[in-house]
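Structure, as structure tokens:
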Amino acid sequence: MKLIKTICMLVLLAMLAVPPVSCAKGEKPAESAPPAGDAVPASSADDPATGEQGSAAAMVNGTAIPMSEVELAVKNTAIRMGVLGTPDQSLMDRLGPQIVNQLIAGEVLYQEAVKQGYTAAGEKVDESFNSLAGQFPSREEFNTEMEKRGYTESSLKASMRKQITIQAFLDETIASKTYVTEQEARSFFDENPDRFSQEAQVKASHILINAPSEAPQEEKDKALKRAREITELARGEGADFAALAKEHSEGPSGPSGGDLGFFGRGRMVKPFEEAAFSMKVGEISDPVLTQFGYHVIKVTDRQAGKTMSFEEVKDNLMAGLKNDKVNRMVNDRIKELSEKAEIEVFLTSSSSGGPSGLPPGHGSVQ
């Protein structure tokens, strides 16, 4: 039985960047590489457990969590958040301590899993790796994405091996022993009616022409001119909007034809949202300016808001309530293991901010 999605995400975030390790019982983890790049200055201290800023961000029962792995996790988190370019020190300050805590949580779970004899078979790791690679149009594009995110095939497989080991441990010891009754779900449904009102949604595709707010006016004018030309092409008889997006869009959704799927209010930056919700199905907008640039939007479907019945939501609700139960139990297990472990944290932050420092809707419509 697969681990509940919520818990998978918890573990996967902790496993974004881990030192190459063997999951075979009793084997010593391989030594980690030195910090990559200069995002975080490193001292020349040989002993990472000295407490000085060196090659380790933390130690868990004598096993180092290298600073390079924190940097890699910050980089990948930044990519998911839509932050362009190399993460700077302020982003490390904001995300670093939180990520170190997640890596520590993953490490205490992994050590306990290995202690109890859980392993990840090589064929299972290969299957997961090939499944992920198969989601890309070609192996070359997959390799490019791995390189972009700071992984090699061996390091990504090592991360997967560790994740699979932890997942098997949590599956068997917690998730498979946790249940939610239909009566529990019914009670929750009756006590929280507002949670089961589905808001109106639109489905849209778009073509983005980059024109950041800080760009010179001349560059913005050129972007607007190009967006207007694409609008005319999109409105032409027999025009294929998806093909135009693949050819012209400068946002990440371009290769998929600009498709953004269904979304409700509050999910996109305000100018984009207002335009999309004011349009009819099949309509193509004039260029819409946001902080990312000019968007040519096509609304492809709409869903009216409605109140769902218990039968409509029962299966998802029971799964969600089980997620909540499992999540609490995993957090309790992490706390219990952490209290027994010898943990030292060397990474400190000069900022008390958090990911919320990014602009609202950042990355939502690219």
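The values are calculated or read from the model by the stated rules, or taken from the named source; none is laboratory data. No experiment lies behind these values; they were computed from the predicted model shown. Positions of Cβ are backbone-derived with ideal geometry, glycine not excepted, and every protein chain shown enters the neighbour counts. Remember, those area values only see protein heavy atoms, side chains included, never the ligands or the DNA or RNA. Shrake-Rupley method; radii C 1.70, N 1.55, O 1.52, S 1.80 Å.
Go through region 239-273 and report how many residues are part of a loop (DSSP other than H, G, I, E, B), open to solvent by less than 80 Å² (accessible area, probe 1.4 Å) and more than 15 Å from residue 293 (Cβ to Cβ).
Qualifying residue count, region 239-273: 4.
Taking the criterion of being under 30 Å from residue 281 (Cβ atoms), modelled with pLDDT of 95 or more, charged (D, E, K, R) and surrounded by fewer than 18 Cβ atoms within 10 Å (Cβ to Cβ), would at least one residue in region 193-210 satisfy it?
The answer is yes, given that some residue of region 193-210 is under 30 Å from residue 281 (Cβ atoms), modelled with pLDDT of 95 or more, charged (D, E, K, R) and surrounded by fewer than 18 Cβ atoms within 10 Å (Cβ to Cβ).
Restricting to region 274-315, count the residues that are hydrophobic (A, V, I, L, M, F, W, C), under 26 Å from the mean Cα position of the chain (by Cα) and either in a loop (DSSP other than H, G, I, E, B) or under 30 Å from residue 186 (Cα atoms) (or both).
The number of residues fulfilling the criteria is 2.
Kindly evaluate residue 150 against the criterion of being of a type outside the set (Ser, Thr, Tyr), on the phi > 0 side of the Ramachandran plot and at pLDDT 95 or above.
Criteria not met by residue 150.
Got a sec? Which of 162, 124 is in a helix (DSSP H, G or I) and crowded, with 18+ Cβ neighbours inside 10 Å?
The unique qualifying residue is 162.
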